[in-house]
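Written out below as structure tokens is the structure these notes cover.
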Amino acid sequence: MSAFPYILGIESSCDDTAAAVIQNHKILSNVIAGQKIHQSYGGVVPELASRAHQQNIVPVVSEALKQAGINPKQLSAIAYTRGPGLMGSLLVGSSFAKSLSMALNVPLIEVNHMQGHILAHFIEDAGNKKPRFPFLCLTVSGGHTQIVKVNNYFDMEIIGETIDDAAGEAFDKAGKIMGLDYPSGPLIDKFAKEGNPEKFHFSKPKVDGLNYSFSGLKTGILYFIQNETKKNPEFVKENLKDLCASIQKTIVDILMEKLLKAAEQNNISQLAIAGGVSANSEIRNRLKALQENEKFEVFIPKFTYTTDNAAMIAMAGQLKFELRNFSEITEPTIAKYPI
Ligand code: KG4
Ligand code: ZN
């Protein structure tokens with residue numbers, strides 16, 4: 001038997017079926033099967049997502065084991081996403097994980113998906129720098145936008161969050177208005193690179209404290225584009241890059257403002273980002289720029305660990321394994337699972 005245990009992570013909370021193997025905090029394999037089927041629907045269709053997970057789960061797990069160069073009997077534990085997410089999607093990964101842990105007679109470890117996003121910062125990767133406790137993490141995905149005070153691996157407090165749409169939704173809905181495919185975040189990011197972020201101005205929400213709101217911005221973009229399109233039907237086509245750059249800048253401005261406020265109020269200078277929207281080049285650049293003024297230390301995840309993946313679930317699983325924090329197979333999946 002190897003000195004360090006192998007742990008399998010399984011993620012199926014939304015529209016990506018993913019499996020990864022970790023050993024001694026290092027990722028040995030990280031396999032993801034995305035689901036193109038949702039592109040033309042402008043969002044994830046839950047029933048189609050669970051069907052695709054059913055088809056993908058066995059090949060994805062087999063491939064993760066193969067790429068790690070191990071057989072199932074060498075696994076010491078199985079970690080899986082218990083929630084939050086779409087119930088039908090979660091059930092595929094959790095049922096598979098539970099069955100495998102029973103068949104192999106190894107412990108089962110449940111993981112909170114949002115904690116997983118944050119804990120991806122602790123993956124050992126060529127001597128990468130890791131945050132020390134406490135730090136703040138801006139967790140931005142298609143379903144969540146939260147400022148989390150991370151006191152310890154499994155001691156996290158939400159100190160600010162969106163009162164309506166998530167930042168990823170703001171990107172996706174703005175993209176839909178402009179006729180872009182789902183998910184639009186990566187496309188807006190791509191077009192924005194050649195656009196002028198100062199060309200169009202959208203009003204920013206006025207929300208108290210450290211909370212966010214994105215639904216007003218979405219409506220503002222919708223009305224603005226509808227108006228301009230009445231005058232010129234080619235408006236979006238002719239201005240796509242500038243629209244993308246301006247929308248992206250507005251979303252990132254909103255995100256950064258509250259994150260900096262949270263840092264000041266809590267007197268915390270270590271800032272991290274996590275979740276799908278942390279793949280965005282503008283937010284990555286703005287954080288890197290902060291690092292240069294030396295007041296802050298910033299932690300930006302490797303691109304592969306930003307959008308949904310199982311490496312982050314395996315990492316959280318590894319940390320729980322070390323604490324002997326195991327789960328029962330009777331524990332149900334939870335669609336709304338607080339961090
Ligand atoms: O974390 P994630 O993969 O899934 C959820 O748990 O929701 O996040 C997906 C979200 C989508 O809204 C997608 O548009 C957004 O992350 N996203 C981006 C970028 N890449 C993914 N948003 C802006 N810029 C990107 N480069
Ligand atoms: Zn996610």
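Numbers at a glance
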read-out: Distance (nanometres) between label positions extended 7 Å along Cα→Cβ at Phe326 and Lys302; value: 3.0 nm
read-out: Loop GluC sites (Glu not before Pro), segment 245-320 (other Cβ atoms within 10 Å of the site Cβ: 11 or fewer; DSSP); value: Glu294
read-out: Accessible-area order (highest first, 1.4 angstrom probe) of the listed residues Asp308, Asp208; value: Asp208, Asp308
read-out: Loop-located trypsin sites (Lys or Arg not before Pro) in segment 195-269, at most 16 other Cβ atoms within 10 Å (DSSP); value: Lys199, Lys206
read-out: DSSP bridge orientation in segment 129-300 - percent antiparallel, rounded to nearest 5; value: 60 percent
read-out: Rounded FRET efficiency, nearest 0.05, which uses the C-beta distance separating Leu222 from Arg51 and R0 of 30 Å; value: 0.40
read-out: Nonlocal amide H pairs with Ala77, under 5 Å, H built at 1.01 Å; value: Leu8
read-out: Residue-count net charge about Asp165 - beta-carbon cut-off 10 Å; Lys, Arg +1, Asp, Glu -1; value: -1
read-out: Karplus (6.51, -1.76, 1.60) ³J(HN,Hα), θ = phi - 60°, over segment 16-28, in Hz, Gly and Pro reported as x; value: 10, 9, 9, 9, 8, 10, 10, 9, 6, 6, 10, 7, 8
read-out: Folded to 0 to 90 degrees: helix 311-322 orientation relative to the chain principal axis, Cα; value: 40 degrees
read-out: Expected-Rg normalisation [2.2 N^0.38 Å, Cα atoms] applied to segment 288-339; value: 1.66
read-out: Placed amide H near Lys204: partners under 5 Å, 5+ positions off or other chain; value: none
read-out: Share antiparallel - DSSP beta bridges, the chain, percent rounded to 5; value: 60 percent
read-out: Phi to ³J(HN,Hα) by Karplus 6.51 cos²θ - 1.76 cosθ + 1.60 over segment 251-256, Hz, x for Gly, Pro; value: 4, 5, 4, 4, 5, 5
read-out: Rounded to the nearest 10 Å², the accessible area of Thr306 at probe 1.4 Å; value: 0 Å²
read-out: Karplus 3J(HN,Hα) series, Hz, for segment 274-290 with 6.51 cos²θ - 1.76 cosθ + 1.60 (x for Gly, Pro); value: 7, x, x, 5, 6, 6, 5, 5, 5, 5, 5, 5, 5, 5, 4, 5, 4
read-out: Simple label model, 7 Å out from Cα along Cβ direction - Thr229 to Lys130, nm; value: 4.9 nm
read-out: Sites Ser62 and Ser281 - FRET efficiency at Förster radius 30 Å, r taken between beta-carbons, to 0.05; value: 0.30
read-out: Residue-averaged [θ]222 nm for the chain, counting only DSSP H segments that reach four residues, each worth -39500 (n - 2.57); value: -13500 deg cm²/dmol
read-out: Helix axis angle, 87-104 relative to the chain longest principal axis, alpha carbon, degrees; value: 20 degrees
read-out: Efficiency of FRET from Cβ geometry, Glu194 and Val236, R₀ 25 Å, rounded to 0.05; value: 0.95
read-out: Long-range amide H partners of Tyr182 with built H, under 5 Å; value: Gly42
read-out: Exceeding the 30 Å Cα-Cα cut-off - candidates Lys36/Lys230; Lys36/Lys66; Lys66/Lys249; value: Lys36/Lys230; Lys66/Lys249
read-out: Equivalent ellipsoid dimensions for the chain as semi-axes, Å, which come from the Cα gyration tensor, largest first; value: 35, 23, 17
read-out: Bins of 10 Å from zero: percent of alpha-carbon pairs in segment 129-300; value: 10, 39, 32, 14, 4, 0
read-out: In segment 160-214, the GluC sites (Glu not before Pro) that fall in loop regions by DSSP, at most 16 other Cβ within 10 Å; value: Glu194, Glu198
read-out: Cβ-defined net charge surrounding Ala52, 13 Å radius [Lys, Arg +1; Asp, Glu -1]; value: -1
read-out: Sorted peptide list for 273-280, 327-334, 150-157, criterion being average Cβ within 10 angstrom, highest first; value: 273-280, 150-157, 327-334
read-out: Potential lengthening between Asn71 and Lys206 on full extension [0.36 nm per residue; Cα-Cα distance subtracted]; value: 43.2 nm
read-out: Separation between Cα centres of segment 158-179 and segment 280-339, rounded to whole Å; value: 20 Å
read-out: 10 Å beta-carbon shell around Glu297, net charge (K/R +1, D/E -1); value: +2
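The values are calculated or read from the model by the stated rules, or taken from the named source; none is laboratory data. Just so you know, these numbers come straight off a predicted model, no measurement behind them. Neighbour counts run over all protein chains shown; Cβ positions are idealised from the backbone, glycine included. Note: areas computed on protein heavy atoms with side chains; ligands, DNA, RNA excluded. Shrake-Rupley method; radii C 1.70, N 1.55, O 1.52, S 1.80 Å.
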